[in-house]
1. Got the relative contact order for the stretch 143-227 handy, in percent, Cα pairs under 8 Å and 6 or more residues apart?
2. How would the stretch 145-224 be classified by its alpha-carbon gyration tensor: rounded, prolate or oblate, with rounded meaning a/c under 1.5 and the a/b versus b/c comparison settling the rest?
3. Over the stretch 31-82, what is the relative contact order in whole percent, taking alpha-carbon pairs under 8 Å and six or more residues apart?
4. Within the set LYS6/LYS53; LYS20/LYS211; LYS120/LYS211; LYS63/LYS120, which residue pairs have Cα atoms separated by over 25 Å?
5. Return the calculated 222 nm mean residue ellipticity for the chain, to the nearest 500 deg cm²/dmol, obtained by summing -39500 (n - 2.57) across DSSP H runs with n ≥ 4 and dividing by the residue count.
6. Among all stretches of the chain without exposed trypsin sites (Lys or Arg not before Pro) (DSSP loop, at most 11 other Cβ atoms within 10 Å), which one is longest?
7. Can you list residues from other chains, or at least 5 along the same chain, whose modelled amide H is less than 5 Å from the amide H of ARG188?
8. What nm value, rounded to one decimal, do you get for the distance between SER150 and TYR1 when each label is placed 7 Å out toward the C-beta?
Amino acid sequence: YFLEKKLVEPNIKEIQTNRKKDIKIAVVFVSFAKSFSETGALQRANSILNLLKSGANFATVAKDSSDDDQTGTNGGELPYITGGMLLREIEQAAFSLKVGQLYPTPVKTKVGYFVITLLKDEPRYFVYPKHILLSNNPNDSLSVIRKADSLLAVLRKNPTRFEAMAKEFSDDKQSSEKGGYLGNGYSRSTGMKDSKVKLVAEVENALFSLKPGNNFEKVVSEYGVHI
């Protein structure tokens with residue numbers, strides 16, 4: 001009972017509060033292994049933090065200094081996250097920040113230190129998307145664009161035709177059978193409610209720029225042209 005009341009409940013409430021938001025952070029990771037010692041890692045992390053506090057560009061420093069190649073290549077930027085997704089030390093630091101702030105000290109984890117900044121802080125909500133996908137044609141990409149434009153012109157005059165047109169024209173057969181419906185709700189941090197699948201960035205960004213209703217966007221991704 002004591003553990004439940006003093007340890008478990010407060011942590012659950014913290015995660016529930018954090019899950020009301022989707023945030024985007026950037027990090028510079030300083031590995032214990034690559035620094036040869038914990039002390040060496042802390043010294044490196046502090047020097048990086050001081051450099052950033054003096055006005056250095058975070059993305060540039062992350063590319064030059066991060067020991068995590070994946071996030072480092074991306075300027076330290078992580079995908080959107082919500083409560084309960086990261087190591088608790090990192091999550092607590094990230095959710096305490098305001099947009100543009102640096103966490104004042106390197107954050108220690110079992111693998112190394114993280115220098116953290118908050119890039120975006122958004123309310124967490126789900127969108128319920130439909131799309132029509134016209135697959136890439138490497139031999140005639142212009143015809144795919146033209147077809148998408150012609151479908152868009154029809155939809156803007158008669159939005160109620162979307163589901164029928166998705167069934168007829170979409171190359172995404174799994175969603176076309178459902179009138180283009182992609183699944184049971186989508187959030188930027190956790191993806192689809194049922195499958196947890198994440199959409200490509202171009203489609204995700206378009207979805208969260210639209211308002212509910214009969215609004216249409218043409219988006220080009222690695223898979224083709226989406227409406």
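The values are calculated or read from the model by the stated rules, or taken from the named source; none is laboratory data. Predicted, not measured: the structure shown is a model, and the values here were computed from it. Cβ: placed from backbone, ideal geometry, glycine included. Neighbour counts: every protein chain shown. When the accessible area is computed, the model is the full protein with side chains, heavy atoms only, and any ligands, DNA or RNA have been set aside. Shrake-Rupley method; radii C 1.70, N 1.55, O 1.52, S 1.80 Å.
1. Averaging sequence separation for qualifying contacts and normalising by length gives 23 percent for the stretch 143-227.
2. Numbers: a/c = 1.61, a/b = 1.48, b/c = 1.09.
Cα axes put the stretch 145-224 in the prolate bin.
3. 24
4. With Cα atoms farther than 25 Å apart: LYS6/LYS53.
5. One gets -10500 deg cm²/dmol as the mean residue ellipticity at 222 nm.
6. 111-195
7. TYR125
8. 7.4
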